[in-house]
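Below is one structure; the comments refer to it alone.
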Amino acid sequence: MDRTAAVRTVARAERFVDPLSRVGLGVVILLAGLHKLVAPEAWAVYVVPPLDRLLPMTPVAFMLLNGVLEPPVALALLVDRYTTVAAAFVTVSLVATVCYLAVAAVLTGGAFVDVLVRDVGLVALAASVTIRAAGVDGE
């Protein structure tokens, strides 16, 4: 394949970027939400003292609540309905999570930094989906 043909192939694939990003984000949020419903204790370990006192409920109940909220948002992303609102919800939620994990990492001497790094990437993905769904093109 010559260089011009390769460039044309990549240019044609560009139309898949937005749906792939939206569906990828939706799948991640759906799986996380369902797992929080099935195994909230596995997620509750991220709530560390003294930050656990800031929650108005137990860490397990908090994860169950998130498990109830996340699947409908994820389904909205997957079926491309209310996409801007759903992606914005995920973006705000992930920004809060990243801030929390940064504080938790400092308080615990570095625990959960791997999750923090991953979630920074998810924030970028969610923000990108939000911006594209809102039709903001930077011009």
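The values are calculated or read from the model by the stated rules, or taken from the named source; none is laboratory data. Owing to the predicted nature of the structure, the values given are computational and were not obtained by experimental measurement. With ideal geometry, Cβ positions are generated from the backbone for all residues, glycine too; neighbour counts draw on all protein chains shown.
So the values come out like this:
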quantity: Matching residues, region 9-35, being among the charged types (D, E, K, R) and surrounded by 12 or more Cβ atoms within 10 Å (Cβ to Cβ); calculated: 18, 22
quantity: Enumeration of residues in region 1-52 that are among the charged types (D, E, K, R) and out of contact with any helix residue (DSSP H, G or I) (no Cβ under 9 Å at 6 or more places or on another chain); calculated: 2, 3, 8, 12, 14, 15
quantity: Residues that are of a type outside the set (A, V, I, L, M), more than 20 Å from residue 30 (Cβ to Cβ) and loosely packed, with under 15 Cβ neighbours inside 10 Å, drawn from region 82-125; calculated: 99, 108, 109, 110, 114
quantity: Count of region 6-31 residues which are under 30 Å from residue 63 (Cβ atoms) and among the basic types (Lys, Arg); calculated: 1
quantity: Residue ID - modelled with the lowest pLDDT, chosen from residues in region 47-65 that are closer than 15 Å to residue 96 by Cβ and in contact with a Leu (Cβ under 9 Å, 6 or more places away or on another chain); calculated: 51
quantity: So residue 119, is it charged (D, E, K, R) and under 15 Å from the mean Cα position of the chain (by Cα); calculated: yes
quantity: Those residues of region 24-62 which are under 15 Å from the mean Cα position of the chain (by Cα) and either of a type in the set (Ser, Thr, Tyr) or more than 17 Å from residue 91 (Cβ to Cβ) (or both), in sequence order; calculated: 31, 34, 35, 36, 43
quantity: Near pairs, Cβ below 6 angstrom, 6+ apart or cross-chain, from region 1-19 (assigned to a loop (DSSP other than H, G, I, E, B)) to any residue that is among the β-branched types (Val, Ile, Thr) and surrounded by 10 or more Cβ atoms within 10 Å (Cβ to Cβ); calculated: none
quantity: Filter result for the condition that a residue is surrounded by fewer than 16 Cβ atoms within 10 Å (Cβ to Cβ), among the β-branched types (Val, Ile, Thr), farther than 30 Å from residue 133 by Cβ and out of contact with any Phe, Trp or Tyr (no Cβ under 7 Å at 6 or more places or on another chain), over 79, 45, 38; calculated: 45
